[in-house]
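The values are calculated or read from the model by the stated rules, or taken from the named source; none is laboratory data. This is a predicted model, so every value here is computed, not measured. Cβ sites come from the backbone with ideal geometry, for glycine too, and all protein chains shown count toward neighbours. Areas reflect the complete protein model, heavy atoms only, side chains present, ligands, DNA and RNA absent. Shrake-Rupley method; radii C 1.70, N 1.55, O 1.52, S 1.80 Å.
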Amino acid sequence: MDPRSEVLLRQAELFDGQVLLAGLPADDLLGALPQARGWNWHAGDQALLAARFPGRSQFDTQMPAGDYRAAVLFLPKSRELADYLLQALAAGLAGKPLYLVGEKRGGIERAAKQLAVFGKPRKLDSARHCQLWCATVEQAPQQPDLQALAQRYPLQLSDGTLEIVTLPGVFAHGRLDRGSALLLEHLQDLPSGHLLDFGCGAGVLGAALKRRYPSSQVTLLDVDAFALASSRLTLAHNGLEAEVIAGSGIESAPEALSAIISNPPFHQGVHTDYQASENLLVQAGRHLVKGGELRLVANSFLKYPPLIERHLGPCRTLTEADGFRIYSARR
């Protein structure tokens, strides 16, 4: 079980009744708290929870409706996302307790100060490098407007300007990251057909692909509900249409793709996790048509070419700059 969940269970008597668990990991906590409900924005965790506890967890960027006696937020990595989530939870908990649980190295002690906006925070427990804090909501805020928290920036491309819309918690919130910037310069000569932006984030690559290849079908895939919402906003603000889907990895992608383009993610919370990226390299061939191409950007220190060549075919380095490389391989 996740150590944060274990800390909660040390205080299990506090969580009797209908309690909302926001951002809960895919473990046994819902089983141990049979009246609790979950709110999740990670598609992988949600899929596992939905299979084990049908109807008890919701995948969304908005707080699920309900009359909750308390709520617990599993501290996310992004402080901006934590701000939004705490406001969303506190808005429905006037006079009720709001709990915050997280790892010390994830900034739980700093984040606990964010509770002071709603009531006096107090630490209830500390174990396994995690802490549990609580504040009774004395000043309940209005339900926050997520779209009002979006940041926008223009992206100048050879075929015109794109406006990118990012929401709190989305990778490279409010800015263009160096890896994507490099990959944007190398989107030419892709095979025609169905294109996939894997790990789409705010939809930078997906929107650029649809703009450059308007006759191609474009799909954007991400594990995070806030990233998917950002991608939909980016597409809408630029008058573009593409499919946006949730998935925990390349296993969730369509088949018969002509190209997979990706700046693959490798972080989960405060931990580094390369599993989704490595699964992409291993399984990309199963989703590509004959002659289909995988084109991705990665940090130069990552030893991806041997893995690509083992599972897909000869790997070319298209360019290298600013600590990143663009790799290409065809099925």
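Table for the structure above
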| item | result |
| --- | --- |
| Farthest positive-ward along the chain dipole, Cα basis, beta-carbon charges - from 297, 18, 161 | 297 |
| Between 0 and 90°, nearest 10: helix 43-52 axis offset from the chain longest Cα axis | 60 degrees |
| Candidates 166, 319, 61: whichever shows maximal mean-square fluctuation once the chain is modelled as a Gaussian network with Cα springs under 10 Å | 319 |
| Size of electric dipole in the chain: Cβ of Lys, Arg +1 and of Asp, Glu -1, about Cα centre, debye, nearest 20 | 420 debye |
| Positive-end extreme of charge dipole, segment 176-233 - chosen from 184, 225, 207 (charges on Cβ) | 207 |
| Area accessible to solvent at residue 248, 1.4 Å probe radius, in Å² | 70 Å² |
| Karplus 3J(HN,Hα) series, Hz, for segment 206-213 with 6.51 cos²θ - 1.76 cosθ + 1.60 (x for Gly, Pro) | x, 5, 5, 5, 5, 5, 6, 10 |
| Probe 1.4 Å - accessible area at residue 261, Å² to nearest ten | 0 Å² |
| Integer Hz, Karplus 6.51/-1.76/1.60 couplings in order for segment 93-99, x for Gly and Pro | 10, 4, x, 10, x, 10, 9 |
| Residue 188-residue 215 pseudo-label distance in nm [points 7 Å out on the Cα-to-Cβ vector] | 2.0 nm |
| Within the accessible area of the chain (1.4 Å probe), percent carbon and sulfur | 48 percent |
| Partner aspartates and glutamates for residue 96 [C-alpha distance under 14 Å; skip if fewer than 8 residues away on the same chain] | 16, 67, 138 |
| Difference of contour (0.36 nm per residue) and Cα-Cα distance, residue 236 to residue 279 | 12.4 nm |
| Surface accessible to a 1.4 Å probe, per residue, for the residues of the chain, Å² | 43 Å² |
| MRE, 222 nm, helices only [DSSP H, n ≥ 4, -39500 (n - 2.57), over the chain, to nearest 500] | -7500 deg cm²/dmol |
| Tensor-based shape of segment 1-89 (alpha-carbon gyration tensor, a/c under 1.5 rounded, otherwise prolate or oblate) | rounded |
| Choice from 65, 253, 242 with maximal GNM fluctuation in the chain (Cα, 10 Å cutoff) | 65 |
| Net length gained if the chain between residue 307 and residue 109 were fully extended (0.36 nm per residue, minus Cα distance) | 67.3 nm |
| Residue 322-residue 157 FRET efficiency (beta carbon distance; Förster radius 22 Å; 0.05 resolution) | 0.75 |
| Helix axis angle, 275-287 relative to the chain longest principal axis, alpha carbon, degrees | 40 degrees |
| Aspartates and glutamates with Cα under 12 Å of residue 303, excluding same-chain neighbours fewer than 8 positions away | 278 |
| Cα gyration tensor category, rounded, prolate or oblate, for segment 127-189 with a/c compared to 1.5 | oblate |
| Three-way shape label, segment 1-149, alpha-carbon gyration tensor, a/c 1.5 | rounded |
| Karplus-derived 3J(HN,Hα), 6.51/-1.76/1.60, for each residue of segment 200-205, Hz, glycine and proline x | 5, x, 7, x, 4, 5 |
| Choice from 197, 45, 222 showing the highest fluctuation, given a GNM over the chain with Cα pairs closer than 10 Å | 45 |
| Antiparallel content of DSSP bridges confined to the chain, in %, to 5 | 50 percent |
| Rough spin-label spacing in nm, given labels placed 7 Å along Cα→Cβ, for residue 300 and residue 116 | 4.4 nm |
